[in-house]
Structure formats: C-alpha cells, structure tokens
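The structure under discussion appears below in the form of structure tokens.
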Amino acid sequence: MQFHVKQGFVQDETADLLVVNLFEGVTEPGGATRALDQALNGLVTQVIAAGDFKGKLGETQVLYSGGALTAPRVLITGLGKQADFGLAKARKAAAAAAKKARELGVARLATVVHGAGAGGLDAADAAAALVEGTLLGSYRYRGYKRAEGDNGKPELAEVVVLEADADKLAAVQQGMAAGQVVGEAANWARDLVNEPPNYLTPSEMARRVVQRAEAAGLKAQVLGEAEMAELGMGSLLGIARGSDEEAQLIVLEHIPQGVDPASLSTVALVGKAITFDTGGISIKPAENMWKMKGDMGGGAATAAALVAAAGLNLPVHAVAVIAASENMPGGDAIKPSDVVTAMNGKTVEIISTDAEGRQVLADAMCYAARYQPDAMVDIATLTGAIGIALGSDLAGLFCDDETLRGRLAAAGELTGESLWPMPLWQPYRKLLDTDAADMKHTGGRLGGSITAALFLREFAGEQPWAHLDIASVSWQEENSPFAVRGASGFGARLLTELLGAYAG
Ligand code: BES
Ligand code: MN
Ligand code: ZN
C-alpha cells in the first residue's frame, strides 16, 4: 500500500472515498468534518441529527456526495468519547475506516489525521497511528484461494493524507513512515500465523523469517538439530523428536547503524514457534486442533518486532531467539514420564507432551541469556488457562522487575495490545517438585498459567525477565469493526514499542 501526505483540504481531493471523523455526542462538527459538511450542504449534520451516526469508536457511516464533491463517497469514522481519546483510539478509528473501505472496494482513499486537531495528539504520533490502523484494518490473509475473493473488488492501494497546516507536514510525514514500518511488520506476523502448517514448517518459517530479516538489515542465523544437540538443548530437542520436520532455532540481531554499541541496552526477545501443536503423545481433542497452526504466534511477534526495530533504526541492541518445531506424536516422540536435560543442565520430567511450549522456550531462553541482555521477554501461546483467567482481550504479564513490568504495561496501553499483571507466586513453585528430576514441567490444572511461568523462570537467568502468555489473544475468533477474524499479530507492535522504550 502506498501512503503519501499532501498539504490541503480533504474536501477538495479526488479519491474513491474521503475519510473524516467525529467524536461521540458532537452535533456540530468542527475542522475538516465541518468543511465537508458545508460542502455537502449539511448532510453530515443531518445524519447526526437523525441519530443515525453517534460517533462511537468503530462506528462508520458512508455518505454519497451526489456531485457536490469530486469524490463520490465520504466516510465518517467515530472516535468515541473525547474524554477517553488517545492514540490507541485514533488507530482503531483508522482501522475501522480502512476495513470499511476495503469492503466497499475502494482503491484510493483520502483522509485527515485523526486526533491531530481537536483530539490534541502529537502530529507525528497521530500520523503513525493513522497509517498503522489503516494497514491493520485493511489486512486480510490471501491464502490459497484460486478464485478472486470479494467478487474481484479492487484492493485498497493508495492512501493520501491531507494536512492543512504546512508546519505539521514534516512531522506527519515522519510519523507516517514509522507507522508503515510497524503496521507492515504486524501484518507480516499475521500472515505467518494464518499460514497453513504444511506450508509453514519450522524450516520454511526459518527461511521466510531470515529472508525478511536480512532484507530489513538484521543479522540472521539458524541452528539446526545437530547444532542444538551440541549446545545441550535436550528440552527443545525432546519436543522435536516426534516430528519428521527438523526443529530450527532462529536467531535475529538488530545492531543499529551509526551508534556506539557500548552505549546501547540489549533486549532479548524469545518466541515460541510451534508450527503445529497436536499435543504429541498427550494428543489434543480433534475439534479445535486446527487452530494450533497459530502456536507460533509468539515467535512471529518477536521476528516482526526485530524487523520493525531495524526499519525504525531504533538505538537499541535487540536479539530475537525463536524456537521453531512441530509437536507431533511420531514413533520416536517424547513420552509422559520421560526426563530431559535443558541447556543449563536442569533436568525436567515430562508430565504432558502437550506442555511443549515451555520445553522449547527453556532452551531458547538459556541461549538468549548468552547475549547478557539487560532485559529478557518471552512471548508464547502457552496455556489455555490464561484465557480462563483473562478472557480474549488481555494477555498475561508475569514479571517481578518493576521497570520492565512498567515499560511493558505502558507499551500495552500505547499499542492497544493490553497486558494484565499475573503473579509469579513462589509458594506454587512446589507444585513442580518431583522425585524423578530437578522439576516436573506442569503443576496441575489450577493456576496452570502461573506454574507455567514459574517453570520458565528456572531458565531466565539473572537479568530482569518477563513472560507474556498470549494464548487467548493471538487468534481472534470473530470479525470486529477493526479487524478480520484470524491472526491478530498480538505482540508485534507491543514488543516494537518496548524496544523503543529501551532505545537511547
Ligand atoms: N499451545 C497450547 C496452548 C493454547 C491453547 C494456545 C489454546 C492457544 C489456544 C499449549 O501448548 C498447551 O497445549 N498447553 C496446555 C498445557 C497443559 C498440558 C499443562 C494447556 O493449556 O492445556
Ligand atoms: Mn501444547
Ligand atoms: Zn502449544
């Protein structure tokens, strides 16, 4: 998609669709919406007065210009209540408009920067949110359909952003470029998650990730099973044994240009990338098993964050370690009661082969610790239990370090990828005690997300560490006004924002 900024007024633009906005409850619009209303002889105020458009966040209203403008259509997008407004809302308003535009078959749209006027947002931030939201809202997974979807309607290909104030043009331009980097990275993560697992095997994931990473200017390296064996990664390799596909440890590194490396913070991201989770010998029920193609969403998010960090040239040293494997019940598969040894020497008794995520993360985290990071964050579709605790909008945040926890929570608020704090409650550590090994890897059904996090802590090393359980937010069941169902890309934007917080 092409984005450009232009100085001028949206009502003068020739495009398939003009997008303006309205705060909830406003009956007499101002700014660009007012100018458009006047050009349309009060059509906008009429629609508001009739009660057909209230300005709620996610609400959109299409109007036809009837020859009063060179553009055939206008779309008003709701910004919600002005008191609750912020960047996350501006992004959602743009997403709702873009999703509607795609449904209408709009190829070229012209829009204002939502929130930069009466909304009071910084022009660059608002422009970034606009472009990001537009990319997220217009996303769809193309898949392997032979026939053209949507009756062959054109794709949204061009977005013109109108800014009347010449003094703001440079900031808008710069914000738009940043928003494009982040939005495209997030949509790439969604593509990876939506991809069928016979196509996206661990080696194919490694190939695609390395290709995109290198194109973005990242350092990329892939370890195969022999190299992992030499490193003593018995925990990850235990999971890989049930599959004919070779496991891959994908390592990406962002070293910013033109900065003294000694002055930088190092942040290590560790991602679970089970390209398909059957449960292994502890096999899952058939009904929803197909969704386990999305069990690599954490890994995809870390790869996307690194690609975005490179695109933004963030002054931070960032590393991503992605543990890619299938979890299959092959003849050589790991069994409940088997004991494996992780890279840090700790021995683990397997109770359920369906608790495979923590096993691959354990070794990936040990490997990430070798970079001596200032902070480590792992992200994983780890437990069904997190959805029972937090529902489908909140990811679980486990972290005992105040600074890291604060930065993650703030990144969650800014990006709308919301996190909720969960306890690393030490007394539950005893639920992992066993006679057969240093620990077992599950602690029973109750508090299942917490014992999973306590297990991971054993491999986190000494630096501040956080664990994000995204099992209930990575896959969106239904279409919403802002996004299509399927992969959400959760974590890509959040982790990019976090890397930004460690930059400089
Ligand atoms: N990948 C699943 C978790 C999951 C569940 C992700 C639903 C997305 C949606 C994970 O590997 C798993 O199977 N976890 C088990 C752990 C249990 C065996 C301790 C679970 O949550 O049931
Ligand atoms: Mn599993
Ligand atoms: Zn899994």
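The values are calculated or read from the model by the stated rules, or taken from the named source; none is laboratory data. In this text, all values refer to a predicted model and were calculated from it rather than measured experimentally. Note that each Cβ is placed from the backbone with ideal geometry, even for glycine, and that neighbours are counted across all protein chains shown. When the accessible area is computed, the model is the full protein with side chains, heavy atoms only, and any ligands, DNA or RNA have been set aside. Shrake-Rupley method; radii C 1.70, N 1.55, O 1.52, S 1.80 Å.
Taken together, the residues in the range 425-469 that are under 17 Å from residue 390 (Cβ atoms), in contact with an Asp or Glu (Cβ under 9 Å, 6 or more places away or on another chain) and not in a strand (DSSP E or B) amount to 3. Residue by residue through the range 58-94, note down the ones that are under 18 Å from residue 479 (Cβ atoms) and either in contact with a Cys (Cβ under 8 Å, 6 or more places away or on another chain) or among the polar types (S, T, N, Q) (or both). Of everything in the range 58-94, those that are under 18 Å from residue 479 (Cβ atoms) and either in contact with a Cys (Cβ under 8 Å, 6 or more places away or on another chain) or among the polar types (S, T, N, Q) (or both) turn out to be 60, 77. Looking at residue 282, is it on the phi < 0 side of the Ramachandran plot, part of a loop (DSSP other than H, G, I, E, B) and among the hydroxyl-bearing types (Ser, Thr, Tyr)? When the stated conditions are applied, residue 282 passes them. Test residue 185 against the stated conditions and say whether it is open to solvent by less than 30 Å² (accessible area, probe 1.4 Å) and out of contact with any Ser or Thr (no Cβ under 6 Å at 6 or more places or on another chain). Judged against the criteria, residue 185 is a match. Can you tell me which of (1) of a type outside the set (Val, Ile, Thr); (2) assigned to a strand (DSSP E or B); (3) closer than 28 Å to residue 374 by Cβ is the one residue 236 doesn't meet? With (1) of a type outside the set (Val, Ile, Thr); (2) assigned to a strand (DSSP E or B); (3) closer than 28 Å to residue 374 by Cβ applied to residue 236, the lone miss is (2).
Annotation note: Cβ proximity below 9 Å between a residue of the range 372-395 that is on the phi > 0 side of the Ramachandran plot and a residue that is assigned to a loop (DSSP other than H, G, I, E, B) and away from ligand 3 (no atom under 16 Å from the Cβ) (sequence gap 6+ or interchain) occurs for 372/461; 372/463.
Looking only at residues in the range 33-46 that are open to solvent by less than 30 Å² (accessible area, probe 1.4 Å) and touching a strand residue (DSSP E or B) at 6+ places or on another chain (Cβ under 6 Å), the one that is nearest to residue 118 (Cα to Cα) is 33. The residues on offer are 291, 335, and the sole one that is of a type in the set (Lys, Arg) and within 27 Å of the chain's Cα centre (by Cα) is 291. When residues in the range 283-323 are screened for being within 16 Å of ligand 1 (Cβ to nearest atom) and among the polar types (S, T, N, Q), 1 of them pass. When every residue of the range 311-318 is checked against the conditions, at least one turns out to be assigned to a strand (DSSP E or B) and small (Gly, Ala, Ser).
Residue 245 meets each of the listed conditions (1) open to solvent by less than 80 Å² (accessible area, probe 1.4 Å); (2) touching a residue at least 60 places away in the same chain (Cβ under 8 Å); (3) away from ligand 3 (no atom under 16 Å from the Cβ); (4) in a loop (DSSP other than H, G, I, E, B) apart from (3). Within the range 353-370, the set of residues being within 10 Å of ligand 2 (Cβ to nearest atom) and of a type in the set (Asp, Glu) comprises 354, 356.
Where residues in the range 380-424 are assigned to a strand (DSSP E or B) and among the aliphatic types (A, V, I, L, M), which of them is nearest to residue 321 (Cα to Cα)? The qualifying residue nearest to residue 321 (Cα to Cα) is 380. Residues of the range 436-494 that are of a type in the set (Phe, Trp, Tyr) and within 16 Å of ligand 2 (Cβ to nearest atom): 455, 475. Residues that are closer than 18 Å to residue 431 by Cα and within 16 Å of ligand 3 (Cβ to nearest atom) within the range 330-347 comprise just one, 336. Restricting the range 322-352 to residues that are of a type in the set (D, E, K, R) and buried (at least 19 other Cβ atoms within 10 Å of the Cβ) leaves a set whose member that is farthest from ligand 2 (Cβ to nearest atom) is 349.
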